[in-house]
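Please read the structure below before turning to the comments.
The values are calculated or read from the model by the stated rules, or taken from the named source; none is laboratory data. It should be emphasised that the depicted structure is a prediction, and the values quoted were computed from it without experimental measurement. Counting neighbours? That spans all protein chains shown, and the Cβs are built from the backbone with ideal geometry, glycine included. In case anyone asks, the SASA skips ligands and DNA or RNA and just uses the protein heavy atoms, side chains included. Shrake-Rupley method; radii C 1.70, N 1.55, O 1.52, S 1.80 Å.
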Amino acid sequence: MVTGNAGDGKTAFLERFERQARELGAEFGPPRSNGTDFTLAGHRFRTNHDGSQDEGETSGDDVLEEFFAPFAGADETAWPIQGETRLIAINEGRLVDFLSHRTTASPT
């Protein structure tokens, strides 16, 4: 996660990363409105340029749910996706708000 305040350059950082991947020969998937999917050296990447916004008819919360869904579970052994890195630019306050409504307490 690339977090910070509005205007800190989070999206620009991801865009530079994508340009460098293209220069290194990454294979890019179909364009998405708010990010990219590409494979570089056999490793998949998925970016989201602004996790603080809606995407068309999809609410921002639903966008974030989909983006983070593969990482649900106690640890990485429960993750259905292996060999993929997801990078998201998101305002820190938005991330805290999203996560604070999705916490579950572990029994002690």
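Here are the numbers for the structure shown:
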quantity	calculated
Percentage relative contact order, the chain, counting C-alpha pairs under 8 Å, at least six apart	30 percent
Cut-off under 5 Å, modelled amide H: who pairs with D50 long-range	A89
Debye intensity ratio I(q)/I(0), log10, the range 11-96, q values 0.18 Å⁻¹ (C-alpha model)	-0.86
Where GluC sites (Glu not before Pro) fall in DSSP loop in the range 11-108, at most 12 other Cβ within 10 Å	E57
Neighbour net charge for L99 - beta-carbon separation under 12 angstrom, K R +1, D E -1	-2
Distance between modelled label sites at A69 and S33, nm, 7 Å Cα→Cβ extension	1.7 nm
Carbon/sulfur fraction of accessible area - the chain, other protein chains in place, 1.4 Å, %	51 percent
At R0 = 22 Å, FRET efficiency that the Cβ-Cβ distance of Q82 and E57 yields, to 0.05	0.10
Calculated from backbone phi, Karplus (6.51, -1.76, 1.60) coupling profile of the range 8-18 in Hz, x at Gly/Pro	6, x, 4, 5, 4, 4, 5, 5, 5, 4, 5
